[in-house]
Amino acid sequence: MAQYNLEAHKAIETSMTEPLIVWPSVIAPATPVKNPDDVSKLVKNIEENSQKVIKDASTKAQR
């Protein structure tokens, strides 16, 4: 993934570590670590950056 878009790759890596803080195990913590809106933003960031990588990989594959 990093070979197609390093910036997007780093953003995805960062966004993927945050949910591990929110859900450190299979059982959710008694008190929420982040509110649902913050978690939704993380997921959206992962989706957007994944699309950038897919687009860049597709463009490079067509060359």
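Structure summary
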quantity: Residue list for the range 9-37, filter: part of a loop (DSSP other than H, G, I, E, B) and small (Gly, Ala, Ser); calculated: Ser25, Ala28, Ala30
quantity: Single residue of Leu20, Leu6 found to be surrounded by 11 or more Cβ atoms within 10 Å (Cβ to Cβ), modelled with pLDDT under 85, at negative phi and of a type in the set (A, V, I, L, M); calculated: Leu6
quantity: Conditions (1) of a type outside the set (Lys, Arg); (2) loosely packed, with under 15 Cβ neighbours inside 10 Å; (3) modelled with pLDDT of 85 or more: number failed by Ala61; calculated: (3)
quantity: Meets criteria (in a helix (DSSP H, G or I), hydroxyl-bearing (Ser, Thr, Tyr) and modelled with pLDDT of 85 or more) for Ser40; calculated: yes
quantity: Where Trp23 falls short, out of the listed (1) without any contact (Cβ under 8 Å) to a residue 12 or more places away in the chain; (2) touching a Ser or Thr at 6+ places or on another chain (Cβ under 7 Å); calculated: (2)
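The values are calculated or read from the model by the stated rules, or taken from the named source; none is laboratory data. From a predicted model like this one, the values you see are computed outputs, not experimental measurements. Virtual Cβ from ideal backbone geometry, glycine too; neighbours counted across all protein chains shown.
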